[in-house]
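Chemist: Can you read through this structure? Questions will come right after.
The values are calculated or read from the model by the stated rules, or taken from the named source; none is laboratory data. The structure presented is a predicted model; accordingly, all values stated were derived computationally and were not measured. Don't worry about glycine lacking a Cβ; one is built from the backbone with ideal geometry, like all the others, and counts go over all protein chains shown. When the accessible area is computed, the model is the full protein with side chains, heavy atoms only, and any ligands, DNA or RNA have been set aside. Shrake-Rupley method; radii C 1.70, N 1.55, O 1.52, S 1.80 Å.
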Amino acid sequence: MPAHQASEHTDVVVVGSGFGGSVAAYRMAEDGRSVVVLERGRAYPPGSFARTPAEMARNFWEPAEGQHGLFDIWTFDGLEGIVSSGLGGGSLIYANVLLRKDEKWFVHESPLPGGGYEHWPISRAQLETHYDAVEQMIGANRYPYTDTPKTEAMREAAAGLGLDFQTPPLAISFARRPGEPPVARAELPTPAYGNVHGLPRLTCRGCGECNLGCNDGSKNTMDHTYLSAAQHLGADLRTRHEVKGFRPLAGGGYEVTYAIHTGAHGEKATGLPTLTITCERLILAAGTFGTSYLLLRNVSAFPGMSSTLGSRFSGNGDLLGLLFGATKEGRPRAVEGSRGPVITTAIRIGDAADGDGSTGRGFYVEDAGYPGFTDWLAESTQAGAAVKRAGRFALKRIRERITDSADSSIGADLGELLGDGALSSTSLPLLGMGRDIPDGVLHLEEGRLAAAWTTETSLEYFEGVRRTMQAIGSYLGASYHDNPLWLGKRVITVHPLGGAPMARQAAEGVCDEYGEVFGYPGLHVMDGALLPGPVGANPSLTIAAVADRCCTHIVESSPRGSLLSGAPAAEPPRSAPVAVEPLGVSFTEQMKGFVALGVTDPAQGFEQGRAAGDRLMFELTISTNDVDRFVQEAEHEGNAVGYVESDVLGGRFDVERGWFNLFVERDDPTSRQMLYRLWLSGPGGNPMTFTGVKRVHDDPGFDLWRDTSTLYVHILEGHVLPGDEGPVAAAGIITIHLPDFAKQLTTFRSHGPRRVHGLEAFGRLFLGQLWDVYGKAFADKGDS
């Protein structure tokens, strides 16, 4: 990890600027606290969202590959996830719907297939005032137009099928001011708190580009509302600041480590310098994927954090369906998905929890519009028909020239050449979302975020959504088609939820009902990761309302400065590298096994870790720069460099300083110990010490290989010097596998003069110590 630069301090650090983070920034600043918002993406003022193919090709987020754009695409087993990276978070690309979670869908003790329960420790009644506050701040408006084809088609289908229909509140400005009639592309007045972008905004023109980012500023996104208000109150909004880690401080509060992206498109963000900032209160709001990943990466800094971390993951039941060829009375029916905002309607299907005779798990089906240019792309797929039209047009032109009967007005012919646009005008995507089963688990695999999730446990729910979409299609005289991913029983979610769920106690979830992490005062989760199950409806409003409730609790229960009672603990001294001496020996060793958090006995940690699949490995280069000293001194101490890797600890960690002792004699002259001590630091800078011991002792049977290849491991809190001990955070066992041992034998190197002497001296020590321990057994056999 690059060296940390000098730290600064603030009352509150907010990580992320979406629906939860922006609310938190505003509420904390409103309470007079100093606030720093760290957002990894850049700001997107009106007019800056990508539209051309060249712009879209650069519009993805993967800094390590030189991509610094808006869309962050995740792929897991069972699903794909689409989220965003920019000032305003998910509000930049969502479809503006502000529906409240249904009262009866705040379920309690709802059994899950693999055990456990979906349980909401809060109720709709507890959120009502917060729903009101968020709606007022964002500006919620019902869709005002009655002549939009897709809106009226959905209204008619719902009425014909006897389904519950509404035009939901949308975070869109259709009029210049509340109460005024709607008008397209009228300039909006600037609110009293100003605007972070300083550019004019216009009312909605119904272009269907909401999910790509609104270039007119018609969407009341969080940058135009909460974040502008937070900045007006003094909050420091920092874009292109990506948080890498965090850790608690000994005196209270937290230290946050972050990097600043300065590169242009195509410049890979590697080896960025890291900076730190300390705070009394740390609010994680980087989205379900971002927050869960950060917590998993930094879990080693938080001993005793709930083992439910990563659990209750779901995609909020998202399912995309497609309607083609709508008709009415035998003629093509225009539904025109590209007219209007992306979503204008919502059809609700009841849930067994409603208590009104409904069965199954409830959901919503909404129209899912798209940008107008998509119509042209759709029509371009009809190549055969286009060729025939072009042929007819050309033949007619040739015939007219030959017969000298050409008409100077050819508008009708050009219209025929373009075609009737039936495919695009009669097609409409549908978006389903609802109460799928939140039994997924987010975890790390080789340091990367992974999801154990499948549609199988929610298959009955998804089939219900599909049947409703089919019924809507049938009523509109359209054919229903699944999106291609469904053929493999995969889905696309734009509403990932869970990973750090709220609960009544740590055995059930990571946070309490106010988003505070159990056991760590001042550490909060305020985004979709906090929700213990699907919202059912579009979750954005609920995420913001829950964050508002969490902030109200902080303001009312925790005066400023109540968390930080002392200064950060001093870092342990770090010694300068040992100078290279004339004669040295080195070899590289790799060991693998299992580890478990919260365990002090290595054998127990190994068994628990193996059952959970929580692996631990290291690859170390052991060296001494003075073989003679190494052989003569009783401690036989050398240096160790390399890395340790364990997803349960947070991924891969480079060794900052390492000690290795070969065949140390302690209390028993008939046994020896090989000792390992490695200083590591988590992504947030939290120090850890890896200690390991190989116990070389002659027990009954041939145990030489087992003794010399088995390492009993403890992970200690802090950087602990040799001879000292510290609190144990984890324990386990790792071993040398035979293929790795064969490879290790090829890595022995000697440098300096008399290289052969160096290897010989090391070999004599190694074999001599083994003889001291095990040789007596052979000698006894020879005497008998």
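Chemist: I'm told Gly160 meets every condition in (1) assigned to a loop (DSSP other than H, G, I, E, B); (2) open to solvent by 40 Å² or more (accessible area, probe 1.4 Å); (3) among the small types (Gly, Ala, Ser) except one. Can you identify the failing condition by its number?
Modeler: All conditions are met except number (1).
Chemist: Look through segment 443-469, keep the residues that are in contact with a Gly (Cβ under 8 Å, 6 or more places away or on another chain) and closer than 16 Å to Leu322 by Cβ, and return whichever of them is most open to solvent (accessible area, probe 1.4 Å).
Modeler: Arg466
Chemist: Out of (1) open to solvent by 40 Å² or more (accessible area, probe 1.4 Å); (2) more than 26 Å from Phe71 (Cβ to Cβ), what's the single condition that is false for Leu282?
Modeler: Going through the list (1) open to solvent by 40 Å² or more (accessible area, probe 1.4 Å); (2) more than 26 Å from Phe71 (Cβ to Cβ), Leu282 breaks only (1).
Chemist: Let me ask another. Could you list, in sequence order, the residues of segment 59-81 that are crowded, with 17+ Cβ neighbours inside 10 Å and among the charged types (D, E, K, R)?
Modeler: The answer is Asp72, and nothing else.
Chemist: Within the group Gly217, Gly208, Gly253, which residue is surrounded by 21 or more Cβ atoms within 10 Å (Cβ to Cβ), of a type outside the set (D, E, K, R) and in contact with a Cys (Cβ under 7 Å, 6 or more places away or on another chain)?
Modeler: On inspection, the qualifying residue turns out to be Gly253.
Chemist: Also: Take the residues in segment 247-268 that are in contact with a Lys or Arg (Cβ under 8 Å, 6 or more places away or on another chain) and in a strand (DSSP E or B); name whichever of them is farthest from Gly650 (Cα to Cα). Steps first, answer last, please.
Modeler: Of segment 247-268, the ones in contact with a Lys or Arg (Cβ under 8 Å, 6 or more places away or on another chain) are 253-255, 257-262, 265.
From what is left, the residues that are in a strand (DSSP E or B) are 254-255, 257-260.
Working: Tyr254: 18, Glu255: 17, Thr257: 15, Tyr258: 16, Ala259: 18, Ile260: 22 Å.
Among those residues, the one meeting the criterion is Ile260.
Chemist: What's the number of the only condition in (1) open to solvent by less than 60 Å² (accessible area, probe 1.4 Å); (2) part of a loop (DSSP other than H, G, I, E, B); (3) of a type in the set (Gly, Ala, Ser) that Ala133 fails to meet?
Modeler: (2)
Chemist: I need the full set of residues from segment 179-198 which are farther than 25 Å from Pro144 by Cβ and of a type in the set (Ser, Thr, Tyr), in order please.
Modeler: Tyr193
Chemist: Please count how many residues of segment 235-250 are within 15 Å of Asn195 (Cα to Cα) and either open to solvent by less than 30 Å² (accessible area, probe 1.4 Å) or among the aliphatic types (A, V, I, L, M) (or both).
Modeler: 2
Residues checked against (1) open to solvent by 20 Å² or more (accessible area, probe 1.4 Å); (2) touching a Lys or Arg at 6+ places or on another chain (Cβ under 9 Å); (3) within 19 Å of Ala235 (Cβ to Cβ); (4) touching a residue at least 40 places away in the same chain (Cβ under 8 Å):
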| residue | (1), (2), (3), (4) |
| --- | --- |
| His9 | yes, no, yes, yes |
| Gly21 | no, no, yes, yes |
| Tyr26 | yes, no, yes, yes |
| Glu30 | yes, no, yes, yes |
| Pro45 | yes, no, yes, yes |
| Phe49 | no, no, no, yes |
| Ala54 | yes, no, no, no |
| Val83 | yes, no, no, yes |
| Val97 | no, no, no, yes |
